[in-house]
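Beneath this line is the structure, given in structure tokens, with notes to follow.
FYI, it's all coordinate maths here, none of it is from the lab. Model, not experiment: these values are computed from the prediction. Cβ atoms come from the backbone with ideal geometry, glycine included; neighbour counts cover every protein chain shown.
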Amino acid sequence: MFNKKWLLFGSFFAMVILTLDAIPSIGTYINMVKLGYYANTAMSSWEEEEALPASAAVNTRAEVTKQNRTNLLELIQAEASKRKIAPINAKVDPVWKAIPGYNGLEVDVDETLRLAEHHLTPGKITFVMKEVKPSIQLDDLGPNPIYKGNPMKPMVSFMINVAWGNEYLPSILETLRKENVHATFFFDGSWLKKNIEMAKKIQDEGHELSNHAYSHKDMRTINRGKAVEEISKTEDLLKQQLGVTNTLFAPPSGYFNQETIQVAAEHKLKTVLWTFDTIDWKNPGAGRILQRLSTSVEPGSLILMHPTSSSSEALNGMIRMIKNKGLTIGTVTELLSSDRVSDPHSFVN
């Protein structure tokens with residue numbers, strides 16, 4: 001009796017062992033699920049799956065990975081078409097003359113895919129953006145006056161013409177420093193020759209230095225030789241005394257003709273005018289400047305001012321007003337470039 005019970009128990013135990021031996025491990029089961037063995041099968045015999053050669057598992061894994069990559073690429077490409085912003089070509093406007101282009105924006109598909117495959121942001125795709133330059137740039141338009149930046153670029157610039165007004169420069173520099181704003185100073189050459197140290201201080205503050213001719217002549221009424229002299233003398237001072245490689249020219253009082261623009265272009269300078277004039281030389285007072293600017297400033301505005309009492313007092317309010325409108329403030333060169341204002345590095349979705 002005793003031996004029979006043990007014999008039956010032993011037989012049952014052996015059957016259990018054999019059955020467990022036939023079932024794959026939990027780890028093996030999980031891997032099989034990942035490889036898609038059970039995706040479309042309610043019940044598959046363990047024997048059939050156990051019989052698959054090792055190479056079949058490797059191939060199935062590779063196929064799944066390839067399919068995942070294809071699906072991910074298609075998703076990125078579909079989203080890329082929605083996020084694409086076409087570049088805007090530079091053009092010559094009948095009123096505003098030369099207007100700079102503005103870079104477009106598109107998804108860098110290859111870099112976005114690479115980051116997504118490495119799961120740097122689990123559960124999300126980091127869309128890496130890149131700028132696309134317009135096919136027609138400002139330099140392609142030939143010699144033309146410039147009155148404003150691209151109206152789609154949310155940036156404005158202060159262009160400060162300096163031929164007098166030293167007593168207001170420290171206050172202006174202090175305000176610009178406090179507000180972390182860089183302006184473009186156009187120097188009259190005869191002023192610059194006498195005020196190299198002040199010019200160096202302005203330069204040390206990170207501002208852009210440019211050419212405002214030499215002796216504040218009306219560029220419309222002088223001959224070509226004199227126009228060359230007016231521009232080249234100031235250009236020499238900028239380069240020799242300050243080490244500046246300049247690209248801009250602001251004609252005194254805004255007076256110029258086509259020959260003026262041509263002479264400036266021969267010196268590799270763009271002729272820059274303004275969108276908004278503070279008319280600060282008439283001493284209108286800070287309040288009047290702010291009132292006029294509030295209804296006039298817009299993306300691409302070039303704001304003309306001088307080192308005067310009115311502009312010195314209005315400057316802080318001007319900067320705050322501009323920033324409150326969602327505009328940034330850059331140098332004239334920054335404004336006239338086709339570069340986008342915002343950082344296009346990446347967006348996460």
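Observations on the structure shown:
- FRET efficiency estimate (nearest 0.05) - Cβ-Cβ, ASN257 to LEU72, R0 41 angstrom: 0.10
- Highest to lowest packing among 104-113, 309-318, 85-94, scored as the average C-beta count within 10 Å: 309-318, 104-113, 85-94
- Gyration tensor (alpha-carbon) shape descriptor, region 131-199, a/c threshold 1.5: oblate
- Integer Hz, Karplus 6.51/-1.76/1.60 couplings in order for region 234-247, x for Gly and Pro: 5, 4, 5, 5, 4, 6, 6, 8, 10, x, 8, 9, 8, 10
- Residues whose amide H lies under 5 Å from that of GLY300, counting only those 5 or more places away or on a different chain, are MET155, VAL156; hydrogens are built 1.01 Å from N in the peptide plane.
- Ordering of 289-300, 68-79 by packing is 289-300, 68-79, highest average first (other Cβ atoms within 10 Å, averaged per residue).
- When the Cα gyration tensor is reduced to axis lengths a ≥ b ≥ c, the ratio a/c is 1.5 or higher for region 84-135, and with a/b above b/c it is classed as prolate.
- For region 168-213, the Stokes-Einstein estimate of translational diffusion at 10 °C and a viscosity of 1.306 mPa s comes to 146 µm²/s, using the Kirkwood hydrodynamic radius over alpha-carbon pairs.
- Environment charge at ARG177 (Cβ cut-off 12 Å; Lys +1, Arg +1, Asp -1, Glu -1): -2
- Set LYS194/LYS239; LYS200/LYS239; LYS66/LYS124; LYS178/LYS270; LYS84/LYS323; LYS124/LYS153 screened for pairs whose C-alpha atoms are more than 21 Å apart: LYS178/LYS270; LYS84/LYS323; LYS124/LYS153
- Mean projection of the Cα convex hull over all viewing directions, computed for region 203-298: 7.7 nm².
- The convex hull defined by the C-alpha atoms of region 116-244 has an orientation-averaged projected area of 13.0 nm².
- Shape call, region 108-152: gyration tensor on alpha carbons, a/c limit 1.5: prolate
- PHE186 long-range amide H proximity, modeled H, under 5 Å: ILE160, ASN161, VAL162, SER210
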